[in-house]
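The values are calculated or read from the model by the stated rules, or taken from the named source; none is laboratory data. Remember, it's a predicted structure, so these values are computed and weren't measured experimentally. A quick note on method: Cβ atoms are made from the backbone with ideal geometry, for glycine too, and the neighbour counts reach across all protein chains shown.
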Amino acid sequence: MFDLDQLRRSKWHLDARPVRTLDGAREFIESVGFCQMYPLKTPVLAPTFIGAWVGSEERLPTWQHAYSDPRAQEATELMVRLLRERAAYEANLFDDNNGLLVAGSVFPYFYALVGERNPKQAPVAGARSEYSQLVCDAFEIIRRDGPISKQKLLEAVGGGTSAAALDKSLGELWSRLRITRVDYKPGEGAVWDVLYRWSPDAVREGISLSVAEALSALLSKYLDCVVAADLQELEAFFGNFVPRSRIKEAINTLLAARELSFIHVGNRSLIQITPEKEPPAPFVSRHPERAKR
């Protein structure tokens with residue numbers, strides 16, 4: 001019997017097999033491809049890093065309550081170690097305070113979808129620009145002085161800028177993958193750097209990929225992660241950073257190429273990666289004595 005929930009629980013380490021070591025965390029993020037740090041207020045079908053660390057989905061903290069939960073603090077320390085060695089990246093695609101963790105091998109595909117094609121070109125403020133002056137100033141300081149902590153960045157910006165205003169500006173740069181969090185220092189906060197300097201190979205690879213190629217690869221990785229999903233679940237995840245028309249187009253292309261197929265689970269029709277065909281069993285004669293003649 002196809003037990004979808006059990007397959008997911010096993011793959012997402014929610015079956016009392018917590019991920020507590022750096023090697024285990026590397027293996028987990030590479031296996032799932034991407035995961036939320038904490039459960040989202042509006043859930044999407046995806047694993048969470050805190051769930052894998054705990055080994056369960058029961059009573060997991062959201063980011064709003066993470067500061068008072070020792071489990072969240074220890075899970076964050078492990079996550080930061082992944083960021084430091086570039087085994088994982090954070091992407092601000094769902095919630096400003098709940099980054100999406102992306103495996104290093106998968107990150108260029110995300111960059112191809114949402115990153116800048118000319119990342120070294122600084123954002124410019126103006127009447128027709130999507131960027132404020134504070135966003136541009138923050139980018140220039142990070143480019144000039146990074147990696148730089150949030151506290152030092154706030155001091156460098158000056159002008160009575162509030163921490164909340166700086167957070168908003170950092171969130172805008174982060175959502176376009178112009179900058180990324182690369183470390184965390186108690187007392188100074190997150191440490192930021194421009195992405196093209198922190199991980200030039202991943203950025204170059206992302207720039208070389210087409211949107212269609214990247215989306216197809218991510219759809220396949222997502223389905224490998226969740227085992228199977230319906231169209232609404234796929235759109236709920238990818239619709240945060242890709243137009244839904246593109247999602248449907250990519251799914252239809254993969255279905256037509258038979259790389260994806262439908263599977264019925266209960267009364268639901270779900271999409272999965274097409275299973276590989278098993279090779280035919282070798283022929284065994286019912287009369288072995290004849291085969292010897």
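Odds and ends about this structure:
- Which listed residue is at pLDDT 90 or above, at negative phi and part of a loop (DSSP other than H, G, I, E, B), from SER105, SER129: SER105
- Count of residues meeting criterion [of a type in the set (Ser, Thr, Tyr), touching a Leu at 6+ places or on another chain (Cβ under 7 Å) and under 18 Å from GLY99 (Cβ atoms)] in segment 144-174: 1
- Residue list for segment 116-129, filter: under 14 Å from TRP174 (Cα atoms) and either in contact (Cβ under 8 Å) with a residue 40 or more places away in the chain or surrounded by fewer than 11 Cβ atoms within 10 Å (Cβ to Cβ) (or both): GLU116, PRO119, PRO123
- Counting the residues of segment 8-32 that are within 20 Å of the chain's Cα centre (by Cα) and farther than 22 Å from GLU77 by Cβ gives 4.
- Annotation note: of LEU113, LEU93, LEU40, the sole residue that is closer than 28 Å to GLN232 by Cα, assigned to a loop (DSSP other than H, G, I, E, B) and hydrophobic (A, V, I, L, M, F, W, C) is LEU40.
- Every residue from segment 43-56 that is within 23 Å of VAL106 (Cβ to Cβ) and either of a type in the set (Phe, Trp, Tyr) or assigned to a loop (DSSP other than H, G, I, E, B) (or both): PRO43, VAL44, LEU45, ALA46, PRO47, PHE49, TRP53
- Flag if LYS120 is farther than 28 Å from THR42 by Cα and assigned to a loop (DSSP other than H, G, I, E, B): yes
- Any hit, segment 27-44, residues being over 22 Å from PRO147 (Cβ atoms), at pLDDT 95 or above and among the β-branched types (Val, Ile, Thr): yes
Okay, residues lined up against (1) modelled with pLDDT under 90; (2) of a type in the set (Val, Ile, Thr); (3) in contact with a His (Cβ under 6 Å, 6 or more places away or on another chain); (4) assigned to a helix (DSSP H, G or I):
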position: GLY99; (1), (2), (3), (4): yes, no, no, no
position: ALA138; (1), (2), (3), (4): no, no, no, yes
position: LEU154; (1), (2), (3), (4): no, no, no, yes
position: GLY159; (1), (2), (3), (4): yes, no, no, no
position: ALA165; (1), (2), (3), (4): no, no, no, yes
position: LEU173; (1), (2), (3), (4): no, no, no, yes
position: LEU177; (1), (2), (3), (4): no, no, no, no
position: TYR184; (1), (2), (3), (4): yes, no, no, no
